[in-house]
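The structure appears below as structure tokens.
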Amino acid sequence: MSSKIKTVQCQDECADELKVNEVKDQIDETMTTGVAKIYRALSDPTRLKIAQALNIAEELCVHDVATITESTVATASHHLRLLRDLGLAKFRKEGKLVFYSLDDDHVKQLIDIAFTHQREVKHREKQTR
């Protein structure tokens with residue numbers, strides 16, 4: 001069953017110049033670019049799975065992450081490094097072991113909200129069938 005997306009547009013040009021300028025003044029291009037990088041990183045299913053796993057377990061070593069994602073340690077390390085570089089994950093060393101966790105509560109909330117929203121979408125889809 002294929003569904004076409006129908007776009008809805010204004011019939012007349014109705015841009016509110018004052019509102020448009022006010023909104024444009026509040027949009028920080030540098031912040032927008034940084035946030036886009038976060039969403040791009042989380043758009044990868046493996047990295048999102050890692051973030052979800054870290055959210056559930058709170059802390060995992062690289063070997064745990066590799067096992068959960070069914071990948072090599074090198075691949076898991078690569079994904080974790082990218083998440084760390086974007087400020088989404090952090091690590092701590094305990095002897096020779098390295099443990100990763102989500103960076104802070106904001107990242108946890110971001111993951112929680114995304115999965116909560118997806119569960120709601122799935123629930124709505126089931127109801128409309």
Filtering segment 18-44 down to residues that are outside any helix (DSSP H, G or I), under 27 Å from F115 (Cβ atoms) and not hydroxyl-bearing (S, T, Y) yields D44
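Could you go through segment 57-67 and let me know if any residue there is under 13 Å from the mean Cα position of the chain (by Cα), on the phi < 0 side of the Ramachandran plot and charged (D, E, K, R).
Taking segment 57-67 first, the residues under 13 Å from the mean Cα position of the chain (by Cα) are none.
Among the residues of segment 57-67, not one is under 13 Å from the mean Cα position of the chain (by Cα), on the phi < 0 side of the Ramachandran plot and charged (D, E, K, R), which makes the answer no.
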Those residues of segment 84-102 which are open to solvent by less than 90 Å² (accessible area, probe 1.4 Å), of a type outside the set (A, V, I, L, M, F, W, C) and farther than 15 Å from E58 by Cβ amount to R84, G87, G95
Checked segment 64-82 for anything without any contact (Cβ under 8 Å) to a residue 12 or more places away in the chain and part of a helix (DSSP H, G or I); matches are D64, A66, T67, V73, A74, H78, R81
For D105, the lone unmet condition from (1) under 14 Å from I56 (Cα atoms); (2) in contact (Cβ under 8 Å) with a residue 24 or more places away in the chain is (2)
Just one listed residue, out of V62, V35, V23, is among the aliphatic types (A, V, I, L, M) and touching a Leu at 6+ places or on another chain (Cβ under 8 Å), and it is V62
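When you look at L80, is it hydrophobic (A, V, I, L, M, F, W, C), open to solvent by less than 70 Å² (accessible area, probe 1.4 Å) and within 15 Å of A41 (Cβ to Cβ), yes or no?
Details: hydrophobic (A, V, I, L, M, F, W, C): yes; open to solvent by less than 70 Å² (accessible area, probe 1.4 Å): yes; within 15 Å of A41 (Cβ to Cβ): yes.
It is true that L80 is hydrophobic (A, V, I, L, M, F, W, C), open to solvent by less than 70 Å² (accessible area, probe 1.4 Å) and within 15 Å of A41 (Cβ to Cβ).
Can you tell me which residue among A36, A53 is surrounded by 13 or more Cβ atoms within 10 Å (Cβ to Cβ) and free of Cβ contacts under 8 Å to residues at least 40 places away in the same chain? Talk me through it step by step, then tell me what you get.
Numbers: A36 fails: surrounded by 13 or more Cβ atoms within 10 Å (Cβ to Cβ).
Just one listed residue meets the conditions, A53.
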Per the filter on segment 84-114, residues closer than 12 Å to Q52 by Cα and within 13 Å of the chain's Cα centre (by Cα) are L88, A89, L102, V107, K108, Q109, L110, I111, D112, I113, A114
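The values are calculated or read from the model by the stated rules, or taken from the named source; none is laboratory data. These numbers come from a predicted model, not from an experiment. FYI the Cβ positions are ideal-geometry reconstructions off the backbone, even for glycines, and counts take in every protein chain you see. Areas reflect the complete protein model, heavy atoms only, side chains present, ligands, DNA and RNA absent. Shrake-Rupley method; radii C 1.70, N 1.55, O 1.52, S 1.80 Å.
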